[in-house]
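Undergrad: This is the structure I have questions about; it appears just below.
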Amino acid sequence: MAAGETQLYAKVFNKLKGRSTPSLLDPLLGMGIPAHTALKALAATGRKTAEEASNWLHCHCNDPSLDDPIPQEYALFLCPTGPLLDKLQEFWRESRRQCAKNRAHEVFPHITLCDFFTCEDQKVEYLYEALKRAGDRTLHAFPSAVPLVLHSSISYLGFFVNDSPADIIREFAVMFATEASILADCTVKPCTKQLHLTLAHKFYPHHQRTLEQLARAINPGHSCQWTAALYSRDMRFVHYQTLRVLFQYKPQNVDELTLSPGDYIFVDPTQQEEASEGWVIGISQQTGCRGFLPENYTERASECDTWVRHRTYTFSVAPDLSSRKDGEASSRRNGETNPPSSSRSLSSLQSLQATIVRRSILVVRHGERVDQIFGKSWLKQCTTPDGRYYRPDLNFPRSLPKRSHGIKDFENDPPLSSCGIFQCRMAGEALLDSGIRIASVFSSPALRCVQTAKHILGEFKLEKKVKIRVEPGIFEWTKWGAGKTTPTLMTLEEMKEADFNVSLDYRPAFPLTSLLPAESYDDYVHRCAVSMEQIVSTCPQDVGVILVVGHGSALDTCTRPLLGLPPRDCADFAQLVRKIPSLGMCFCEENKEEGKWELVNPPVKTLTHGSNSAFNWRNWIQGN
């Protein structure tokens with residue numbers, strides 16, 4: 001650090017003598033930690049304890065950005081507590097279950113008081129003083145009840161705050177901004193427009209009515225203590241995706257990232273060119289280190305899950321004014337919410353849940369295919385000089401079905417691996433346990449898809465009873481195929497001979513001969529849309545699940561037409577599809593009352609597992 005910066009920090013220390021800062025700084029400085037690093041650790045952990053800051057520094061010992069002078073970003077929110085918060089969180093859960101995730105789910109229930117702003121690490125404590133001063137000046141005038149009025153539009157649903165209570169809250173935000181500017185030398189932009197508590201934002205238009213019904217179940221008159229909460233976030237990762245680590249992972253290569261359950265990973269979607277299928281490049285929040293990681297060891301997290309809460313000021317309705325001030329530090333991440341009140345009636349939750357049995361469509365990606373593990377040259381690895389198949393690894397299937405032109409037909413139409421077969425059976429078993437009833441099955445003509453359908457049906461003991469209807473219209477985008485010709489796929493007669501219970505009577509929307517190489521994106525999505533229209537019309541009276549087994553792309557192109565959505569942008573589509581794992585699922589339910597289809601949670605969880613590299617005992621013995 002430059003001499004000028006060291007002098008600056010020394011001045012800050014002298015200025016803060018006698019305040020609470022030395023009680024946190026002194027232990028860190030006594031450990032020999034540089035001043036700027038200690039202040040950074042305190043800011044990153046919400047200035048709770050010196051021990052927590054020390055632990056943060058220990059975890060970030062290999063963080064390449066540890067000495068970078070990058071401040072945190074801060075924002076002030078007015079947050080509900082008590083019974084009203086319980087009802088809002090209930091709405092959060094039900095809206096996500098019934099209508100899928102929207103932008104509002106990224107953040108906890110709140111009213112924004114000021115936009116995010118930066119504050120130097122050595123001046124963060126002055127923000128706490130600014131919050132206390134603004135709160136003390138507003139306390140006597142703060143409304144005992146904040147009136148909330150429901151407002152709805154085609155892309156927004158939420159409560160508006162009107163009249164004089166809104167003016168008082170805006171005045172509080174302006175006071176905080178003014179004090180922060182004077183004390184901490186920060187440029188803070190308070191919210192001076194319409195105050196609102198967002199319930200849903202940027203949702204699918206066909207979900208608007210359902211969301212409105214759920215919102216009307218919230219009584220805005222529920223008792224509530226409002227708390228002004230100061231949060232911070234790492235400004236470097238504002239536009240990154242946030243992943244939550246589910247499973248421990250130990251790196252097998254030097255460029256891989258160590259994963260610990262509970263850690264968060266920041267991923268830049270625009271910087272993934274070097275990552276292979278199923279992997280991403282990310283930065284650990286816990287350590288600050290960067291590396292490759294298996295994406296199926298994580299799940300998508302909310303934007304605010306990595307935010308840190310610093311200080312709060314509670315506008316209590318209790319007569320004891322001393323109980324209204326909360327000066328205690330808190331660095332809890334959002335998401336560690338209080339458990340729901342035990343007095344909440346079961347009937348209120350049940351009233352939010354749909355009870356009508358609906359026709360539904362489950363779109364499933366096929367299991368792990370053999371070339372996904374052994375590469376494009378997989379066929380050479382398992383072929384003898386005289387053209388016969390043999391099993392060089394246990395993850396190769398035991399045998400291959402007969403093809404009219406011999407084993408070479410499998411080159412661009414690979415089968416499932418042994419693990420892929422196991423995946424399908426596990427998924428089938430889980431679907432059976434979920435209690436769903438499979439009414440009919442449609443599959444892409446790719447061998448791996450037909451195999452997936454067969455093994456799922458096998459767990460239901462339906463492989464001989466339910467025929468698989470092969471629909472070439474849901475075959476993957478031919479532009480992604482190798483060569484200038486479409487892959488040689490098995491005929492229905494070959495499938496029948498290989499013991500696949502396929503229907504010979506079904507007339508597909510697109511015959512095999514209609515698949516053209518290197519088709520345009522518009523032609524591909526149109527083909528899928530027409531095929532799904534035929535699949536739905538073929539099963540008009542089926543009450544139960546229509547199983548559609550296709551490729552990763554099918555989870556997008558076969559569901560958006562049902563939901564009445566336009567095709568996704570081609571670039572976004574390609575980025576999305578590469579992240580869909582084996583046996584990934586999308587589940588659509590028909591709402592006959594409203595004449596539409598809705599995207600809901602699949603009946604089973606995803607299947608996650610790690611990699612297992614090849615092992616040569618001879619090399620291992622010689623190497624040791």
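Undergrad: What single numbered condition from (1) over 21 Å from residue 116 (Cβ atoms); (2) within 29 Å of the chain's Cα centre (by Cα) fails to hold for residue 46?
TA: Result: residue 46 fails condition (1) only.
Undergrad: Tally the residues that are in contact with a strand residue (DSSP E or B) (Cβ under 7 Å, 6 or more places away or on another chain) and over 14 Å from residue 224 (Cβ atoms), restricting the search to the range 63-96.
TA: Taking the range 63-96 as the starting set, the residues that turn out to be in contact with a strand residue (DSSP E or B) (Cβ under 7 Å, 6 or more places away or on another chain) are 71-81, 88, 91, 95.
When the remaining residues are screened for being over 14 Å from residue 224 (Cβ atoms), the result is 71-77, 91, 95.
Here the count works out to 9.
Undergrad: Given the residues 286, 271, 252, which is the only one that is at negative phi, without any contact (Cβ under 8 Å) to a residue 24 or more places away in the chain and over 12 Å from the mean Cα position of the chain (by Cα)?
TA: Numbers: 286 fails: without any contact (Cβ under 8 Å) to a residue 24 or more places away in the chain; 252 fails: without any contact (Cβ under 8 Å) to a residue 24 or more places away in the chain.
Every option except 271 fails the conditions.
Undergrad: Still on this structure, I have one more. Pick from the range 36-50 the residues that are closer than 20 Å to residue 231 by Cα and either surrounded by fewer than 18 Cβ atoms within 10 Å (Cβ to Cβ) or among the hydroxyl-bearing types (Ser, Thr, Tyr) (or both): which of them is modelled with the highest pLDDT?
TA: Start the filter on the range 36-50 by keeping residues that are closer than 20 Å to residue 231 by Cα, which leaves 38-50.
Adding the requirement that they be either surrounded by fewer than 18 Cβ atoms within 10 Å (Cβ to Cβ) or among the hydroxyl-bearing types (Ser, Thr, Tyr) (or both) leaves 45, 49.
Details: 45: 94, 49: 91.
Once the filter is applied, the top-ranked residue is 45.
Undergrad: Do we find that residue 287 is open to solvent by less than 30 Å² (accessible area, probe 1.4 Å), modelled with pLDDT of 90 or more and either touching a helix residue (DSSP H, G or I) at 6+ places or on another chain (Cβ under 6 Å) or within 27 Å of residue 600 (Cα to Cα) (or both) in this structure?
TA: Values: open to solvent by less than 30 Å² (accessible area, probe 1.4 Å): no; modelled with pLDDT of 90 or more: yes; either touching a helix residue (DSSP H, G or I) at 6+ places or on another chain (Cβ under 6 Å) or within 27 Å of residue 600 (Cα to Cα) (or both): yes.
Considered against the rule, which asks whether it is open to solvent by less than 30 Å² (accessible area, probe 1.4 Å), modelled with pLDDT of 90 or more and either touching a helix residue (DSSP H, G or I) at 6+ places or on another chain (Cβ under 6 Å) or within 27 Å of residue 600 (Cα to Cα) (or both), residue 287 comes out as no.
Undergrad: A further question on this structure: Looking only at strands (runs of 3 or more DSSP E) that fall completely inside the range 98-195, which ones have 3 or more residues that are open to solvent by less than 20 Å² (accessible area, probe 1.4 Å) and closer than 20 Å to residue 304 by Cα?
TA: Details: elements: 111-119, 148-152, 156-161.
Hits in the range 98-195: 111-119.
Undergrad: Any idea which residue in the range 408-424 is most open to solvent (accessible area, probe 1.4 Å), counting only those that are among the polar types (S, T, N, Q) and not in a helix (DSSP H, G or I)? Reasoning before the result, please.
TA: Going through the range 408-424, the residues among the polar types (S, T, N, Q) turn out to be 412, 417-418, 423.
If we keep only those that are not in a helix (DSSP H, G or I) too, we end up with 412, 417.
Numbers: 412: 79, 417: 0 Å².
Restricting to residues being among the polar types (S, T, N, Q) and not in a helix (DSSP H, G or I), the top hit is 412.
Undergrad: Hey, another quick one. For the range 20-77, name all the residues that are within 26 Å of residue 187 (Cα to Cα) and acidic (Asp, Glu).
TA: Passing the criteria: 67, 68, 73.
Undergrad: Those residues that are surrounded by fewer than 19 Cβ atoms within 10 Å (Cβ to Cβ), assigned to a strand (DSSP E or B) and in contact with a Pro (Cβ under 7 Å, 6 or more places away or on another chain), I need them from the range 222-260; list them, please.
TA: Within the range 222-260, just 241 meets the criteria.
Undergrad: Moving on to the next point. Scan the range 538-570 residue by residue and report those that are within 30 Å of residue 609 (Cβ to Cβ) and within 22 Å of the chain's Cα centre (by Cα).
TA: 551, 552, 553, 554, 555, 556, 557, 558, 559, 560, 568
Undergrad: Do you know which residues across the range 392-407 are assigned to a loop (DSSP other than H, G, I, E, B), touching a helix residue (DSSP H, G or I) at 6+ places or on another chain (Cβ under 9 Å) and not acidic (Asp, Glu)? Before the answer, list the steps.
TA: Initial filter on the range 392-407 (assigned to a loop (DSSP other than H, G, I, E, B)): 392-406.
Those left that are additionally touching a helix residue (DSSP H, G or I) at 6+ places or on another chain (Cβ under 9 Å): 392-398, 400-404.
Once the filter is applied, which keeps residues that are assigned to a loop (DSSP other than H, G, I, E, B), touching a helix residue (DSSP H, G or I) at 6+ places or on another chain (Cβ under 9 Å) and not acidic (Asp, Glu), the range 392-407 yields 392, 394, 395, 396, 397, 398, 400, 401, 402, 403, 404.
Undergrad: Please go through the range 451-477 and give me each residue that is in a helix (DSSP H, G or I), in contact with a helix residue (DSSP H, G or I) (Cβ under 6 Å, 6 or more places away or on another chain) and open to solvent by less than 10 Å² (accessible area, probe 1.4 Å), ordered by number. It would help to see each step written out before you state the result.
TA: Initially, the range 451-477 is screened for residues in a helix (DSSP H, G or I), giving 451-459, 472-474.
The next check asks that each one be in contact with a helix residue (DSSP H, G or I) (Cβ under 6 Å, 6 or more places away or on another chain); those that pass are 452, 455-456, 459, 472-474.
Answer for the range 451-477, where residues must be in a helix (DSSP H, G or I), in contact with a helix residue (DSSP H, G or I) (Cβ under 6 Å, 6 or more places away or on another chain) and open to solvent by less than 10 Å² (accessible area, probe 1.4 Å): 452, 456, 472, 473, 474.
Undergrad: Hey, does the range 83-92 have a residue that's over 26 Å from the mean Cα position of the chain (by Cα) and within 30 Å of residue 210 (Cα to Cα)?
TA: Narrowing the range 83-92 to residues over 26 Å from the mean Cα position of the chain (by Cα): 83-84.
The next check asks that each one be within 30 Å of residue 210 (Cα to Cα); those that pass are 83-84.
Looking for residues that are over 26 Å from the mean Cα position of the chain (by Cα) and within 30 Å of residue 210 (Cα to Cα), one finds at least one in the range 83-92, hence yes.
Undergrad: Considering only residues of the range 540-582 that are among the charged types (D, E, K, R) and either touching a Lys or Arg at 6+ places or on another chain (Cβ under 8 Å) or touching a residue at least 40 places away in the same chain (Cβ under 8 Å) (or both), which is farthest from residue 369 (Cα to Cα)? First the steps, then the outcome.
TA: So the first thing to find is which residues in the range 540-582 are among the charged types (D, E, K, R), and the list is 542, 556, 560, 568-569, 572, 578-579.
Now narrow it down to the ones that are either touching a Lys or Arg at 6+ places or on another chain (Cβ under 8 Å) or touching a residue at least 40 places away in the same chain (Cβ under 8 Å) (or both): 542, 556, 560, 568, 578-579.
Numbers: 542: 31, 556: 20, 560: 26, 568: 26, 578: 15, 579: 16 Å.
Filtering first and then ranking leaves 542.
Undergrad: Just name the residue that is nearest to residue 586 (Cα to Cα) out of those in the range 425-449 that are surrounded by fewer than 18 Cβ atoms within 10 Å (Cβ to Cβ) and basic (Lys, Arg).
TA: Per the stated criteria, the residue is 437.
The values are calculated or read from the model by the stated rules, or taken from the named source; none is laboratory data. Fair warning: this is a prediction, and the values are worked out from it, not measured in the lab. Here Cβ is always computed from backbone atoms with ideal geometry, including for glycine, and neighbour counts include all displayed protein chains. For the accessible areas, the whole protein counts, side chains as well, though only heavy atoms, and no ligand, DNA or RNA atoms are used. Shrake-Rupley method; radii C 1.70, N 1.55, O 1.52, S 1.80 Å.
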